[in-house]
Amino acid sequence: MKTTVVCAHEFGPPETVARVEEWDLPAPGTGETIVEVLAAPINPADLNYLEGTYAERPVPPFVPGIEGVGRTSDGRLVVAPIQRGWWCSTRVMKTDALITVPADIPLSAAAMLTVNPPTAYRLLHDYEQLQPGDWVIQNAANSGVGRAVIELAHHHGWRTVNVVRRPELIPELQALGADVVVTDAKPLARQIRDLTGGVQPRLALNAVGGESARQLAKSLARHGTIVTYGAMSREPISVDNRSLIFQDIRFRGCWVTDWYRAASREQMAELFAALLPLVRAGKLRAPVEKTYRLGEA
């Protein structure tokens with residue numbers, strides 16, 4: 001049996017090293033099943049995989065794709081957290097890694113269920129004990145995680161200050177439930193008290209780094225926490241001594257892969273039990289810019 005794959009035989013620019021090939025599909029062994037892949041997104045991490053710059057460096061040749069949705073031979077719609085290799089038409093997977101999802105949710109939503117929404121959920125639940133009405137501040141607010149943060153916070157009654165680079169994004173994020181959306185044109189720390197009625201957030205979410213992360217940290221209340229989950233600027237985080245000495249700001253990191261590896265089946269079930277009703281109700285959405293066939297890679 002053959003499977004069509006998008007693969008790379010070396011690391012480099014994704015548009016250069018990615019190629020489409022036909023591979024032999026191995027026969028499933030004990031505890032394995034064949035899954036027909038229905039949809040898989042393009043995450044920034046996938047591009048980092050192809051570049052060879054991600055935290056995990058696969059051995060070439062390899063198939064990228066950190067998440068996706070597929071169908072088993074018995075008709076179940078399934079996802080599988082941290083199971084790499086979704087950029088293909090068919091694959092063999094460990095049966096106990098599969099999580100069944102409702103058949104009535106959009107395929108695009110199911111395909112993007114295991115990375116951005118869980119990251120947003122963990123960011124909001126694992127680092128500060130937020131109370132209704134509390135503020136959260138984040139950069140990269142128009143990213144996949146950023147949008148999920150807005151929607152989840154709105155659902156739980158937490159308020160968000162959202163930093164973007166382009167003013168035309170402001171109405172779009174407000175429509176998702178963002179309380180405040182600002183651009184990074186002005187030093188952020190100077191704006192926060194006016195934006196929040198004098199209340200400083202206790203939690204900041206950083207996906208950019210550099211000066212943007214410094215401004216987030218300066219905006220936090222004393223003993224607040226800034227959690228870094230991305231590095232879009234590829235610049236080191238800049239920290240003011242004052243934020244550490246006088247404000248005692250805590251700097252943490254979040255990689256949802258680590259959470260999955262440590263989580264029990266019960267904890268994973270609890271996570272998806274919290275997310276799936278919101279997806280089915282249209283309260284947790286993931287926009288799709290364009291859809292491609294495998295052969296277009």
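Every number here is computed from the coordinates shown, using simple stated rules; none is lab data. On a predicted model such as this, the values are computed, not experimentally measured, just so you know. Glycine gets a Cβ as well: all are built from the backbone with ideal geometry, and neighbour counts include every protein chain shown.
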Q: Sequence neighbours fewer than 8 away in the same chain don't count; with that in mind, list the lysines whose C-alpha is under 21 Å from LYS94.
A: LYS2
Q | Semi-axis lengths, Å, the chain, gyration tensor of Cα atoms, sqrt of 5 times eigenvalues | A | 36, 21, 17
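Tell me which GluC sites (Glu not before Pro) from the stretch 18-74 have a DSSP coil assignment and no more than 13 other beta carbons within 10 Å of their own.
Working: sites: GLU21, GLU22, GLU32, GLU36, GLU51, GLU56, GLU67; in loops: GLU56, GLU67.
Taking the stretch 18-74 and a limit of 13 other Cβ atoms within 10 Å, the loop GluC sites (Glu not before Pro) found are GLU56.
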Q: For every helix of n ≥ 4 consecutive DSSP H residues, a contribution of -39,500 (n - 2.57) applies; sum these over the chain, divide by its total residues, and give [θ] at 222 nm rounded to the nearest 500 deg cm²/dmol.
A: -8500 deg cm²/dmol
Q. With charges only on Cβ, +1 for K and R and -1 for D and E, what is the dipole size of the stretch 217-282 about its Cα centre, in debye, rounded to 20?
A. 100 debye
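Roughly what % of DSSP beta bridges within the stretch 156-274 run antiparallel, to the nearest 5?
Working: 0 of 13 bridges.
That works out to approximately 0 percent antiparallel.
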Q: Compute the acute angle (0 to 90°) between the alpha-carbon long axis of helix 265-280 and the principal axis of greatest extent of the alpha-carbon atoms of the chain; round to the nearest 10°.
A: 80 degrees
Q) Of the beta bridges DSSP finds with both residues in the chain, what % are antiparallel, to the nearest 5? A) 50 percent
Q) Excluding ALA178 itself, what net charge comes from residues whose Cβ is under 11 Å from its Cβ, given Lys and Arg +1 and Asp and Glu -1? A) -1
Q) For the stretch 192-262, what class follows from the C-alpha gyration tensor (a ≥ b ≥ c being the square roots of its eigenvalues): rounded when a/c is under 1.5, otherwise prolate if a/b is larger than b/c, else oblate? A) prolate
Q: Stick to the Cα atoms of the stretch 86-160, pair each with every other, and give me the Kirkwood hydrodynamic radius in Å at one decimal.
A: 14.4 Å
(Q) For the pair LEU244/ARG166, report the inter-label distance in nm, with labels modelled 7 Å from Cα in the Cβ direction. (A) 3.7 nm
Q: Could you list the trypsin sites (Lys or Arg not before Pro) in the stretch 245-280 that lie in coil according to DSSP, counting only those with at most 11 other Cβ atoms within 10 Å of their Cβ?
A: none
Q.
Amide H of TRP135 versus every other amide H placed in the peptide plane: which residues, excluding those fewer than 5 positions away on the same chain, fall under 5 Å?
A. ARG159, ARG202
**Q.** 5 angstrom amide H check on THR183, placed H, neighbours 5+ away
**A.** VAL164
Q | Helix 144-156 vs. the chain, principal-axis angle (Cα, 0 to 90°, nearest 10) | A | 60 degrees
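Under the rule a/c < 1.5 gives rounded, and otherwise a/b versus b/c splits prolate from oblate, where does the stretch 1-120 land using the Cα gyration tensor? Could the numbers behind the result be given before it?
Numbers: a/c = 1.88, a/b = 1.27, b/c = 1.48.
Note, shape of the stretch 1-120 comes out oblate.
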Q. Which of ASP126, ASP104, ASP74 moves the most in a Gaussian network model of the chain with Cα springs under 10 Å?
A. ASP74
Q | Spatially proximal aspartates and glutamates relative to LYS218 (Cα-Cα < 12 Å; intrachain offsets below 8 disregarded) | A | ASP240, ASP248
Q. How large is ³J(HN,Hα) for each residue in the stretch 210-227, as worked out from phi by the Karplus curve 6.51 cos²θ - 1.76 cosθ + 1.60 (θ = phi - 60°), to whole Hz, x for Gly and Pro?
A. x, 5, 4, 5, 4, 5, 4, 4, 5, 7, 7, 5, 4, 6, x, 10, 10, 10
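When only DSSP loop residues count, what trypsin sites (Lys or Arg not before Pro) in the stretch 73-104 have their Cβ near at most 10 other Cβ atoms within 10 Å?
Working: sites: ARG76, ARG84, ARG91, LYS94; in loops: ARG76, ARG84.
Within the stretch 73-104, no trypsin sites (Lys or Arg not before Pro) qualify (loop, at most 10 other Cβ atoms within 10 Å).
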Q. What is the distance in Å between the Cα centres of the stretch 205-229 and the stretch 245-297?
A. 20 Å
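For the stretch 88-216, what D do you get in µm² per second when you plug the Kirkwood radius from alpha-carbon pairs into Stokes-Einstein at 37 °C and 0.692 mPa s? Could the numbers behind the result be given before it?
Details: Rh = 16.0 Å.
Reported coefficient: 205 µm²/s.
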Q | Highest-MSF residue in the chain out of PRO81, PRO41, PRO60 [GNM, Cα springs under 10 Å] | A | PRO60
**Q.** Inter-label distance, nm, simple model (7 Å from Cα along the C-beta direction), GLN267/ASP74
**A.** 2.7 nm
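Once the Cα gyration tensor of the stretch 143-208 is diagonalised, what are the square roots of 5 times its eigenvalues, in whole Å and ordered largest first, as equivalent ellipsoid semi-axes? Don't skip to the end; give the middle numbers.
Working: eigenvalues 57, 45, 25 Å².
Equivalent ellipsoid semi-axes, largest first: 17, 15, 11 Å.
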**Q.** For GLU67, residues with placed amide H under 5 Å, excluding near neighbours
**A.** TRP86
